[in-house]
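As structure tokens, the structure follows; a few thoughts come after it.
A short reminder: the numbers here are calculations on the coordinates, not readings from a lab. Not measured: the values here are computed from a predicted model. Neighbour counts are summed over all protein chains in view; Cβ atoms, including those assigned to glycine, are modelled from backbone coordinates with ideal geometry.
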Amino acid sequence: MKQAELARELAREARLPAAAAQDRIDELVHRIIKNLRRGRPVELPGLGKLVARTGAGKKP
């Protein structure tokens, strides 16, 4: 599922304008990225735990 599809479903189920649903998803993604950059894991119940890792890149 792509972000636009998720936004449409959120808008429909929450009875929000599509732009408002997209704004909420954007804010959620922003907060997740901000926490990962600060070294904080992000737990999403039913989905998993996101943890930023650093290491050597893959060789081409």
Checked segment 1-32 for anything touching a strand residue (DSSP E or B) at 6+ places or on another chain (Cβ under 9 Å) and not charged (D, E, K, R); matches are ILE32
Taking segment 15-60 and keeping residues in contact with a Gly (Cβ under 8 Å, 6 or more places away or on another chain) and within 16 Å of ALA4 (Cα to Cα) leaves none
Here the residues within segment 5-24 that are free of Cβ contacts under 8 Å to residues at least 12 places away in the same chain and in a helix (DSSP H, G or I) are GLU5, GLU9, ALA11, ARG12, GLU13, ALA14, ALA18, ALA19, ALA20, ASP23
When restricted to LYS34, LYS49, the only residue in contact with an Asp or Glu (Cβ under 8 Å, 6 or more places away or on another chain) and either without any contact (Cβ under 8 Å) to a residue 40 or more places away in the chain or surrounded by 10 or more Cβ atoms within 10 Å (Cβ to Cβ) (or both) is LYS49
For the structure I just gave you, tell me whether ARG40 is surrounded by 11 or more Cβ atoms within 10 Å (Cβ to Cβ) and part of a loop (DSSP other than H, G, I, E, B).
yes
